[in-house]
Amino acid sequence: MSQGWVMFVSVFCFVISTLLLLLYMCGAHGGKSAWVAVDAFYQVIATVFYLSAAVLQAYTTYMLKFEGTFKNYQIDIAAVVFAFAVTLTYFIHMVFSLVRWKSS
């Protein structure tokens, strides 16, 4: 179950981030301040989603240690590290987005 949530969060954030990037590149925002709010709101949601996925992945990996299933243990540890690294990048972007939203 935890792998499904982690995969959902990863694909969801990738698709929405790509969509927002393409909309910004096409100039669909038109310089309106509402797009700044959309970006800030999305960054908050993505940060919370990725944090929940990273914590769930870490918990699942920790529990695998006690079940004796060490087959993919190193891969799961790498997934935990990657999930927390992505959470950190989304958090940093969230802070900058909220500062930009506050100043607009």
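All conditions in (1) assigned to a helix (DSSP H, G or I); (2) over 15 Å from the mean Cα position of the chain (by Cα); (3) surrounded by fewer than 16 Cβ atoms within 10 Å (Cβ to Cβ) hold for Gly31, with the sole exception of (1). Condition (residue is more than 29 Å from Ser103 (Cα to Cα), among the hydrophobic types (A, V, I, L, M, F, W, C), at pLDDT below 90 and over 18 Å from the mean Cα position of the chain (by Cα)) applied to the range 68-86: is it met by at least one residue? Taking every residue of the range 68-86 in turn, at least one turns out to be more than 29 Å from Ser103 (Cα to Cα), among the hydrophobic types (A, V, I, L, M, F, W, C), at pLDDT below 90 and over 18 Å from the mean Cα position of the chain (by Cα).
When the residues of the range 55-88 are filtered to those that are under 30 Å from Ala34 (Cβ atoms) and hydrophobic (A, V, I, L, M, F, W, C), the one that is surrounded by the fewest Cβ atoms within 10 Å (Cβ to Cβ) is Leu88. The residues on offer are Val44, Val48, and the sole one that is open to solvent by 70 Å² or more (accessible area, probe 1.4 Å) and either modelled with pLDDT of 90 or more or more than 23 Å from Lys102 (Cα to Cα) (or both) is Val48.
The residue pairs whose first member lies in the range 27-48 and is of a type in the set (Gly, Ala, Ser), whose second member is not in a helix (DSSP H, G or I), and whose beta carbons are closer than 9 Å, counting only pairs six or more residues apart or on different chains, are Ser33/Ser104; Ala37/Ser104. Of all residues in the range 1-18, those being open to solvent by 90 Å² or more (accessible area, probe 1.4 Å) and either touching a Cys at 6+ places or on another chain (Cβ under 6 Å) or part of a helix (DSSP H, G or I) (or both) number 4. Within the range 89-99, none of the residues are open to solvent by 40 Å² or more (accessible area, probe 1.4 Å), not basic (Lys, Arg) and not in a helix (DSSP H, G or I).
The values are calculated or read from the model by the stated rules, or taken from the named source; none is laboratory data. As the structure is a computational prediction, the values presented were derived from the model and not from experiment. Note that we place each Cβ from the backbone using ideal geometry, even for glycine, and neighbour counts take in every protein chain shown. For accessibility, only protein heavy atoms count, side chains too; no ligands or nucleic acids. Shrake-Rupley method; radii C 1.70, N 1.55, O 1.52, S 1.80 Å.
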